[in-house]
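Visitor: Below is one structure. I have some questions about it.
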Amino acid sequence: MAEQREFFFRRLHSLLGVVPIGIFLVQHLFINHLAVYGEEAFNAAAGIMHQLPFVLVLETLVIYLPILFHAILGVYIVFTSRYSTRRYGFFRNWMFALQRFTGIVLVIFIAWHVFETRVQVGLGNVDVNYSLMEGILSSTPMFWFYVVGVLSAVFHFANGLWSFLVTWGITQTPKSQRISTYVCLIVFLAVGYLGIRSLLAFAYGI
Amino acid sequence: MAEQSKVTFIITRQDGPDAAPYEETFEIPYRQNMNVISALMEIRKNPVNSKGEQTTPVMWDMNCLEEVCGACSMVINGTARQSCAALVDQLEQPIRLEPMSTFPIVRDLIVDRERMFDALKQVKAWIPIDGTYDLGPGPRMPENKRQWAYELSKCMTCGVCLEACPNVNDSSNFIGPAAISQARLFNAHPTGEMNASERLNGLMEAGGIDGCGNSQNCVQVCPKGIPLTTSIAAMNRATNIQAFKNFFGSDTAL
Ligand code: HEM
Ligand code: SF4
Ligand code: FES
């Protein structure tokens, strides 16, 4: 069994990408979208999340450790591929390369984002609320940094969902894989809308 | 094209496994219906490069000359394919020939595909029927299954799918798509099925099926049109189930 450790780690990596990290991402952008309905709506929802009992334990088990594992193994995976989109310009080969490229963007984005929000809250420097995000996103470069970060996360999740279905042997035939491409495109558009819409609400109040 | 009297080849050569690669250009007389191998034979007959210098003949590998053995694979104008089935009339000139870079180079266009045979050993891609007495006729196979299994059996271990795979390279130990599909072939066979879990466990060993990242280049380039990505997904499902059986225990675990 010892020689099957690699298999186990890769399957765990795949699973964690969807459960819990993917679910967390959708939940996170869904709550953020409440910003569209005004400052009070967002603050109320963010407050509930923040005041959950055992919040630090929950965050560690459901978010930090899974992302840390997924990110570290992910970076290793990124650097063991030989990218070939110039020679083999097929659609799936591009998705393969983009999945890895967005993974690297996410390492940078998530580190920055967590430092700016959760770490600062933990240090008692700021509070999680509407005005925190408003302050960050009112700077145009930061706004675009967040647009790139959010779209990368959503792409990585949606395309990851597609390959998750293959990794777990759910979609096998070319036809089912084609249909799941369209389903994942809809996931990308829907979750991407939530993300971008809330960024606009924070930054421009629209 | 037919009027042209010369064909130009730019060939990436290498004198030995550890020698530095270099390019050499050859101009050879055009004949009708030439394939790349007949052009290489022409160079062998008269090994003089385009500068008029005497050189060593270009080395390549071949066997069947009808696209069933897989020995003659090389990268032709940027695409890995069989040189015996590559017709000069259908290729843009100058024609560039390179060895498949995924494999260790033996000399010039000859590569060592041993890793593919090691991979077949890892997944036990055969049916053990040797014994001391006649086992009698094997069980019959359903016709619809035979039809798709026949497609998988066309694999000639040519290496084109490994060459196209971004995850088969020096920094990864991934066995590549061909052996995964072969494990599926032998697991589909009614007699081979009796050792199915051994092949699945081979697929779960280091360098096994988890190395696939779903770029799906393999299925696009396979000269035999083998549904490699369907095989990979099917083996993904089968290895996951096998892993559960191994861990939680079951009489069919091993
Ligand atoms: C923090 C930086 C991250 C890095 C470096 C990273 C890297 C990767 C890589 C390289 C893969 C491809 C694995 C493969 O195909 O074998 C992958 C797959 C995946 N990632 Fe990430 N990722 C990161 C963050 C995330 C996040 C935040 C999510 C959730 C939204 C996520 C969800 C997924 C999913 C669902 C898959 C597909 C799993 C599969 O192919 O079965 N990843 N990740
Ligand atoms: S699966 Fe196709 S491309 Fe790969 S080795 Fe077999 S015949 Fe060649
Ligand atoms: S010589 Fe056998 S495939 Fe070309």
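The values are calculated or read from the model by the stated rules, or taken from the named source; none is laboratory data. Computed from a predicted structure; not experimentally measured. So basically every Cβ, Gly included, is an ideal-geometry build from the backbone, and we count neighbours across all protein chains shown. Heads up: the accessible areas ignore ligands, DNA and RNA and are worked out on the full protein's heavy atoms, side chains in. Shrake-Rupley method; radii C 1.70, N 1.55, O 1.52, S 1.80 Å.
Visitor: Could you tell me whether the stretch B:4-104 comes out rounded, prolate or oblate from its Cα gyration tensor? Rule is a ≥ b ≥ c as square roots of the eigenvalues, rounded for a/c under 1.5, then prolate if a/b exceeds b/c, otherwise oblate.
Guide: oblate
Visitor: In the protein assembly as shown, what % of DSSP beta bridges are antiparallel (nearest 5)? Write down the numbers at each step before the final one.
Guide: Values: 18 of 21 bridges.
Taking every DSSP beta bridge with both residues in the protein assembly as shown, the antiparallel ones total about 85 percent.
Visitor: Among the helices of chain A (complete DSSP H runs), which have Cα atoms covering no less than 30 Å along the helix axis and a Kyte-Doolittle mean of at least -0.5?
Guide: A:91-114, A:140-167, A:174-204
Visitor: Ok, one more. Which one of A:SER131, A:ALA46, A:PHE101 is farthest out on the positive end of the charge dipole of the stretch A:2-204, using unit charges on Cβ (Lys, Arg +1; Asp, Glu -1) and the Cα centre as origin?
Guide: A:PHE101
Visitor: Also, I was wondering about something else. Please give me, ordered by residue number, the chymotrypsin sites (Phe, Trp or Tyr not before Pro) of the stretch A:1-85 that lie in loop per DSSP and have at most 13 other Cβ atoms within 10 Å. Numbers along the way, then the final one.
Guide: Working: sites: A:PHE7, A:PHE8, A:PHE9, A:PHE24, A:PHE30, A:TYR37, A:PHE42, A:PHE54, A:TYR64, A:PHE69, A:TYR76, A:PHE79, A:TYR83; in loops: A:PHE54, A:PHE79, A:TYR83.
Taking the stretch A:1-85 and a limit of 13 other Cβ atoms within 10 Å, the loop chymotrypsin sites (Phe, Trp or Tyr not before Pro) found are A:PHE54, A:PHE79.
Visitor: Mind running the shape call on the stretch A:2-204? Use the C-alpha gyration tensor, a ≥ b ≥ c as the square roots of the eigenvalues: rounded below 1.5 for a/c, prolate if a/b tops b/c, oblate otherwise.
Guide: Taking the square roots of the gyration eigenvalues as a ≥ b ≥ c, the stretch A:2-204 is prolate.
Visitor: Within chain B, which is the longest segment that contains none of the chymotrypsin sites (Phe, Trp or Tyr not before Pro) sitting in a DSSP loop with at most 14 other Cβ atoms within 10 Å?
Guide: Longest site-free region, per DSSP loop and neighbour criteria: B:1-125.
Visitor: With a 1.4 Å probe and all protein chains left in place, how much of the accessible area of the protein assembly as shown comes from carbon and sulfur atoms, in whole percent?
Guide: Its accessible area is 63 percent carbon and sulfur atoms.
Visitor: Hey, if you drop one equal point scatterer on each alpha-carbon of the stretch B:114-248 and run the Debye formula without solvent, what base-10 log of I(q)/I(0) do you get at q = 0.12, 0.19 Å⁻¹?
Guide: Log10 of I(q)/I(0), two decimals: -0.46, -1.09.
Visitor: Got a sec to turn the phi values of the stretch B:230-247 into Karplus ³J(HN,Hα) couplings, 6.51 cos²θ - 1.76 cosθ + 1.60 with θ = phi - 60°, whole Hz, x for Gly and Pro?
Guide: Each residue's phi maps through the Karplus curve to give 5, 4, 5, 5, 5, 6, 4, 4, 5, 5, 4, 5, 4, 4, 5, 4, 4, 7 Hz.
Visitor: Would you please classify the overall shape of the stretch B:166-206 from the alpha carbon gyration tensor, given that a ≥ b ≥ c denote the square roots of the eigenvalues, rounded means a/c under 1.5, and beyond that prolate means a/b larger than b/c while oblate covers the rest?
Guide: It comes out oblate by the Cα gyration axes.
Visitor: Let me ask another. So if I take the centroid of the Cα atoms in the stretch A:35-59 and the same for the stretch B:161-238, what is the distance between those two points in Å?
Guide: Taking the Cα centre of each part, the stretch A:35-59 and the stretch B:161-238 sit 46 Å apart.
Visitor: Okay, next question. Using a probe radius of 1.4 Å on heavy atoms only, what accessible surface per residue do you get for the protein assembly as shown? Whole Å² is fine.
Guide: With all protein chains present, the protein assembly as shown gives 51 Å² per residue.
Visitor: Count, for each residue of B:194-207, the Cβ atoms from other chains sitting within 10 Å of its Cβ, then give me the mean as a whole number.
Guide: The shielding value for this peptide is 2.
Visitor: Right, next: Leaving out ligands, DNA and RNA, calculate the buried accessible area for the pair A and B with a 1.4 Å probe, summed over both sides, in Å² to the nearest 100.
Guide: 3000
Visitor: Here is a follow-up. Determine which residues of the stretch A:36-60 fall in the zone a paramagnetic label at A:ILE206 would reach in this model, i.e. backbone nitrogen under 18 Å from the point 7 Å along Cα→Cβ.
Guide: A:36-39
Visitor: Multiplying the sequence separation of B:GLU114 and B:VAL48 by 0.36 nm and subtracting their Cα-Cα distance, what value in nm do you get?
Guide: 20.6 nm
Visitor: Another question, then. Which of the peptides B:72-80, B:187-195 is most tightly packed, and how do the rest follow, going by the mean number of other Cβ atoms within 10 Å of each residue? Could you put the intermediate results ahead of the total?
Guide: Numbers: B:72-80: 20.8, B:187-195: 17.3.
For the peptides B:72-80, B:187-195, the packing ranking is B:72-80, B:187-195.
Visitor: Here's a follow-up. So, in Å, what gap is there between the alpha-carbon centers of the stretch B:115-143 and the stretch A:126-176?
Guide: 47
Visitor: Residues of the stretch A:85-108 with accessible area at least 10 Å² lower in the all-protein-chain context than alone (1.4 Å probe)?
Guide: Those residues are A:ARG87, A:TYR88, A:PHE90, A:ARG92, A:ASN93, A:PHE96, A:ARG100.
Visitor: Let me ask something else about it. With +1 on each Lys and Arg Cβ and -1 on each Asp and Glu Cβ, and nothing else charged, work out how big the dipole of the protein assembly as shown is about its Cα centre, in Debye to the nearest 20.
Guide: Working: 34 positive and 37 negative charges, 150 e Å.
Roughly 720 debye, rounded to the nearest 20.
Visitor: Right, another one. For the stretch A:27-139, count all C-alpha to C-alpha pairs, find those more than 17 Å apart, and express that count as a whole percent of the total.
Guide: Result: 67 percent of Cα pairs exceed 17 Å.
Visitor: Along the charge dipole of chain B, which of B:PRO29, B:GLY136, B:GLY211 sits closest to the positive end, that is, farthest toward it, with unit charges on the beta carbon of Lys, Arg, Asp and Glu (+1, +1, -1, -1)?
Guide: The listed residue farthest towards the positive side: B:GLY136.
Visitor: While we're looking at this one, here's another question. How far is helix B:36-45 tilted off the main Cα axis of chain B, in degrees rounded to 10, range 0 to 90?
Guide: 50
Visitor: According to the Kirkwood expression over distinct Cα-Cα pairs, how big is the hydrodynamic radius of the protein assembly as shown, in Å?
Guide: Kirkwood hydrodynamic radius for the protein assembly as shown: 25.5 Å.
Visitor: Are there any residues in the stretch B:216-231 with a reduction of at least 30 Å² in accessible surface when going from the isolated chain to the assembly of protein chains? Probe 1.4 Å, please list them by number.
Guide: Buried by 30 Å² or more upon assembly, which counts only protein chains, are B:GLN216, B:ASN217, B:GLN220, B:THR230.
Visitor: Out of the stretch A:53-120, which trypsin sites (Lys or Arg not before Pro) are coil in DSSP terms and have no more than 11 other C-beta atoms within 10 Å?
Guide: Answer by residue number: A:ARG86.
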